[in-house]
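The values are calculated or read from the model by the stated rules, or taken from the named source; none is laboratory data. Small disclaimer: the values here were computed from a predicted structure and weren't measured. Backbone-built Cβ (ideal geometry, glycine too); neighbour counts: all protein chains shown.
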């Protein structure tokens, strides 16, 4: 059993890691799926507007201070038609127009 896999039921218990937020209003945007698990995707916090990558089925829910190079590598690999703009300096997202 893989506890790190991002599945739809896992999204029900996750919360934003930002201390001031801690919202459970998270949305999963899937980029690549393998059967019932998300291989690559983005978790969006609709409360504080931060984004978190899902890389190789593992959600990377880290506070801002612990984020860095891995995020920029992740963003470079996203498809050009990804529906959100992911800001690397603020770790916030906005919808593409």
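Report, ordered by the first and then the second residue, all pairs with beta carbons closer than 8 Å, sequence separation of six or more or different chains, a first member in segment 45-66 that is on the phi > 0 side of the Ramachandran plot and at pLDDT below 95, and a second member that is surrounded by 14 or more Cβ atoms within 10 Å (Cβ to Cβ) and not in a helix (DSSP H, G or I).
From residues that are on the phi > 0 side of the Ramachandran plot and at pLDDT below 95, the pairs are 56/39; 56/40; 57/5; 57/6; 57/37; 57/38; 57/39.
Suppose we filter segment 53-70 for residues that are out of contact with any strand residue (DSSP E or B) (no Cβ under 9 Å at 6 or more places or on another chain) and assigned to a helix (DSSP H, G or I); how many remain?
3
Consider residue 33 against the criteria (1) surrounded by 14 or more Cβ atoms within 10 Å (Cβ to Cβ); (2) assigned to a strand (DSSP E or B): it satisfies all of them except one. Which criterion is unmet?
Only one criterion in (1) surrounded by 14 or more Cβ atoms within 10 Å (Cβ to Cβ); (2) assigned to a strand (DSSP E or B) is unmet by residue 33, namely (1).
Taking segment 88-97 as the search range and keeping residues that are modelled with pLDDT of 90 or more and in a loop (DSSP other than H, G, I, E, B), which one is surrounded by the fewest Cβ atoms within 10 Å (Cβ to Cβ)?
Among those that are modelled with pLDDT of 90 or more and in a loop (DSSP other than H, G, I, E, B), it is 89.
Within segment 1-30, which residues are surrounded by 15 or more Cβ atoms within 10 Å (Cβ to Cβ) and modelled with pLDDT under 90?
Those that are surrounded by 15 or more Cβ atoms within 10 Å (Cβ to Cβ) and modelled with pLDDT under 90: 5, 6, 10, 11.
Look at residue 38 and say whether it is out of contact with any helix residue (DSSP H, G or I) (no Cβ under 8 Å at 6 or more places or on another chain) and part of a strand (DSSP E or B).
Judged against the criteria, residue 38 is a match.
Residues of segment 34-44 being modelled with pLDDT of 90 or more and more than 11 Å from the chain's Cα centre (by Cα), which ones?
First, pick out the residues of segment 34-44 that are modelled with pLDDT of 90 or more: 39-44.
Of everything in segment 34-44, just one residue is modelled with pLDDT of 90 or more and more than 11 Å from the chain's Cα centre (by Cα), namely 39.
Residue 43: touching a strand residue (DSSP E or B) at 6+ places or on another chain (Cβ under 8 Å) and over 19 Å from residue 9 (Cβ atoms), yes or no?
Values: touching a strand residue (DSSP E or B) at 6+ places or on another chain (Cβ under 8 Å): yes; over 19 Å from residue 9 (Cβ atoms): no.
When the stated conditions are applied, residue 43 does not pass them.
Residue by residue through segment 74-87, note down the ones that are closer than 20 Å to residue 26 by Cβ and part of a loop (DSSP other than H, G, I, E, B).
Step one: of segment 74-87, the residues closer than 20 Å to residue 26 by Cβ are 74-75, 78, 82-87.
Matches in segment 74-87: 78, 82, 83, 87.
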